[in-house]
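Each remark here refers to the structure printed beneath this line.
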Amino acid sequence: MSPADVVPPDAAPPAEVPGPLLASGTSADVYALDDERVLRRYRAGRDATPEVELLRHVRAHDFPAPDVLDASGSDIVMRRLHGPTLLQALGAGEISIADAAHTLAALHHRLHLVPAPPSWAVPADHDWPQLDGGPVVVHLDLHPGNVILTESGPGVVDWANARAGTAELDVALTAVLVAEVAVDAGGDYSQAARALLAAFLHASDVSPLAALDDAAALRSVAPVLLPGERELVPEAAALVRALLELTARL
């Protein structure tokens, strides 16, 4: 899925390490401060203010995301969510593919009930191209590795790509992300990913077909892609399209 789910062995922590490194992505590291708090720190000094504002906005609408406890500059201190990721639970056989698909679809549905904040703007140093916006909050990286299964229910982490957008684009990007694993012939989880993709598209109350080309274009320029992953995007989008067309004929 996304490299934010694992800690690269050669990840270079900042000079002042605040605690154990929990995860490291393309632009940020997450540290455990204690049992209740984590620190998300952008390595290149990106201003975290827009992300903080959006997180507080979705929490005000009761969406299950981490509470922001403090923020300054490129640092965000958040409430720590305890539990396995949805990806880990799938790998361990602790949740069925059908239930995982319904979890992803339900989180999308719930998030897209949150209206876009009227005065929020994407930060100028954002990694992705500017989009046209939209009426609701979208995560744009809502895959099984970014869902934490807590005792009180699933929670969503890693809001670096979140912004205002359309539900169709958000669902389409999740579908393409899962489809990349499905079309990776050398991957260990390609068959399970194909089943998850089909179940997710069936469970979603939004068809991503109209936004599929835009999702593939965005995914193709994502800075998080590893060598070889970019080449999977067209095939992944084609698989999503084929499954949607097959479902439409049934």
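Values in this text are rule-based calculations from the coordinates and carry no lab data. The shown structure was predicted, so the numbers you read here are calculated from the model rather than taken from an experiment. Glycine gets a Cβ as well: all are built from the backbone with ideal geometry, and neighbour counts include every protein chain shown.
Worth a mention:
- Rounded tilt (10° steps) of 167-183 against the dominant C-alpha axis of the chain: 80
- Karplus-derived 3J(HN,Hα) values for segment 37-47, using 6.51 cos²θ - 1.76 cosθ + 1.60 with θ = phi - 60°, are 9, 10, 10, 9, 10, 7, 6, 8, x, 4, 5 Hz; glycine and proline are entered as x.
- Here the relative contact order of the chain, from alpha carbon pairs under 8 Å that lie six or more residues apart, stands at 17 percent.
- 19 Å cut-off, amide nitrogen to a point 7 angstrom out along Ser190 Cα→Cβ, residues in segment 209-250: 226-243
- Along segment 218-230 the Karplus relation, 6.51 cos²θ - 1.76 cosθ + 1.60 evaluated at θ = phi - 60°, assigns HN-Hα couplings of 5, 4, 5, 9, 5, x, 7, 5, 8, x, x, 6, 4 Hz to successive residues, with x for each Gly and Pro.
- Shape call, segment 29-138: gyration tensor on alpha carbons, a/c limit 1.5: oblate
- Rounded to the nearest Hz, the phi-derived 3J(HN,Hα) couplings of segment 188-200 under the Karplus curve 6.51 cos²θ - 1.76 cosθ + 1.60 (θ = phi - 60°) are 6, 10, 5, 5, 5, 5, 5, 5, 5, 4, 4, 5, 5, where x marks glycine and proline.
- Highest-MSF residue in the chain out of Asp132, Asp170, Asp205 [GNM, Cα springs under 10 Å]: Asp132
- Residues with amide H under 5 Å from that of Asp67, placed H, sequence gap 5 or more: Arg79
- Inter-label distance, nm, simple model (7 Å from Cα along the C-beta direction), Ser119/Arg230: 3.9
- Spatial separation of Cα centroids for segment 84-108 and segment 126-199, in angstrom: 13
- Comparing Pro20, Pro234, Pro154 in a Gaussian network model of the chain (Cα springs below 10 Å), the most mobile by mean-square fluctuation is Pro20.
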